[in-house]
Amino acid sequence: MEKITARTNEKIKYAVRLGESASFRKENGEFFLEGARLCSDAAKTGIVIRQAFFTSAALEKYSGYIESIVSTGCICFEISTDVAKKLSDTENPQGVFCVCKMRELPSEIDSDGKYLALENLQDPSNLGAVCRTAEALGLSGLIVSGGCDIYNPKALRAAMGSSLRISLTETKELTTLLKEAEKNGMKTYASVPRSDAADIRRVSLDGGVIICVGNEGSGLSDEAVGVCSSTVTIPMLGRAESFNASAAASILAWELMR
């Protein structure tokens, strides 16, 4: 296994840039993954791992996880602790990192499926948390329109591997997708914190359904609300004006699958 001790090594600089830049990830069709379990989950899920980096301490401590990574046939490097600190954006890195190929995402959704559509979520931790909840509850998938990148390192960590397994559909034209979904017989709901919206517990969620969740600060766009067949809300008894985006998405996903 080749050793890398210089923080200025081109492979290290490339990996760091993948972690930092969404446009660079998209341009190269690759993303950066950190953490022993997360990298191992990616390998077991079938994500193509191009390169892997391990510290000597990690090779000893996380040998079981690393074995599943190495078994994919990827190019592996042993790195110094200093290089690991360069690669990591966590305070206490485990010393396990991978450069992975982006997976093929579905361009169409199942008209009989249950989906949440996320519009312009800005917090990667929220996006990751929604991915994790969606997989846990058995949603057909998520529709992501704008906002942070699904391969953002913080989003990947928050998802705990779910974003590498669950069906994710990306679209720049959410309103077009919603209109097509309705033509195919799906119900489309806009989630809004308004008193005139229907109680989510009282609406029909049979058959194919998409529930839209908006941006953390401004909620759903007027355009998205306008094309949905109706609006729904989560009843609130306290003084808070709205839910956190990932909390709202979790409640809506629970109702959708209940």
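Derivation of every value follows stated rules applied to the coordinates shown; laboratory data play no part. Keep in mind that this is a model prediction, so the values were computed, not measured. Here Cβ is always computed from backbone atoms with ideal geometry, including for glycine, and neighbour counts include all displayed protein chains.
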Going by the alpha-carbon gyration tensor, a ≥ b ≥ c the square roots of its eigenvalues, is segment 112-181 rounded (a/c under 1.5) or, if a/c is not under 1.5, prolate (a/b greater than b/c) versus oblate?
-> oblate
If you take the charge dipole of segment 114-257 about its Cα centre, with +1 on Lys and Arg Cβ and -1 on Asp and Glu Cβ, which of 189, 118, 246 is farthest toward its positive end?
-> 246
Among 59, 23, 90, flag the residue with its Cα farthest along the positive direction of the charge dipole of segment 2-101, charges on Cβ as +1 for Lys/Arg and -1 for Asp/Glu.
-> 23
Phi angles of segment 182-193, converted by Karplus (6.51 cos²θ - 1.76 cosθ + 1.60, θ = phi - 60°) into ³J(HN,Hα) in whole Hz with x for Gly and Pro, give 5, 4, 8, x, 7, 8, 10, 10, 9, 7, 9, x
On full extension of the chain, what length is gained from residue 48 through residue 1, given 0.36 nm per residue of separation minus the C-alpha to C-alpha distance?
-> 15.0 nm
Once the in-chain neighbours fewer than 8 apart are removed, the lysines whose Cα is under 17 Å from residue 172 read 26
Any residue on another chain or 5+ positions along whose placed amide H is under 5 Å from the amide H of residue 47 is listed here as none
Relative contact order in percent for segment 36-117 (Cα pairs under 8 Å, 6+ apart) equals 42
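State the extension gain, in nm to one decimal, for the chain segment bounded by residue 125 and residue 222, taking 0.36 nm per residue of separation less the distance between their alpha-carbons.
Roughly 32.4 nm would be gained on extension.
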Taking the Cα atoms only, what angle lies between the long axis of helix 36-45 and the longest principal axis of the chain, rounded to 10 degrees?
-> 70
Plugging the Kirkwood radius over Cα pairs into Stokes-Einstein for segment 66-206, at a temperature of 37 °C and a viscosity of 0.692 mPa s, what D comes out in µm²/s?
-> 187
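Based on the Cα coordinates of segment 201-258, what is the per residue volume of their convex hull in Å³?
So the per-residue Cα hull volume is 96 Å³.
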Considering only DSSP beta bridges whose two residues both sit in the chain, what percent are antiparallel, to the nearest 5?
-> 25
Tell me, what ³J(HN,Hα) does each residue in segment 124-131 have, in order and in whole Hz, if you take phi through Karplus 6.51 cos²θ - 1.76 cosθ + 1.60 with θ = phi - 60° and put x for Gly and Pro?
-> x, 5, 5, 4, x, 5, 5, 4
Could you give the distance between the Cα centres of segment 98-129 and segment 21-63, to the whole Å?
-> 19
Pop the C-beta distance of residue 244 and residue 63 into the FRET formula with R0 = 51 Å and round what comes out to the nearest 0.05.
-> 0.85
Can you tell me the alpha carbon radius of gyration of the chain divided by the globular rule-of-thumb value 2.2 N^0.38 Å?
-> 1.11
Please build a GNM for the chain, connecting alpha carbons under 10 Å apart, and tell me which residue among 160, 236, 186 fluctuates the most.
-> 236
Take every Cα-Cα distance within segment 2-101, group them into 5 Å bins from 0 onward, and report for each bin the whole-number percent of pairs it holds.
-> 2, 15, 27, 27, 20, 8, 1, 0
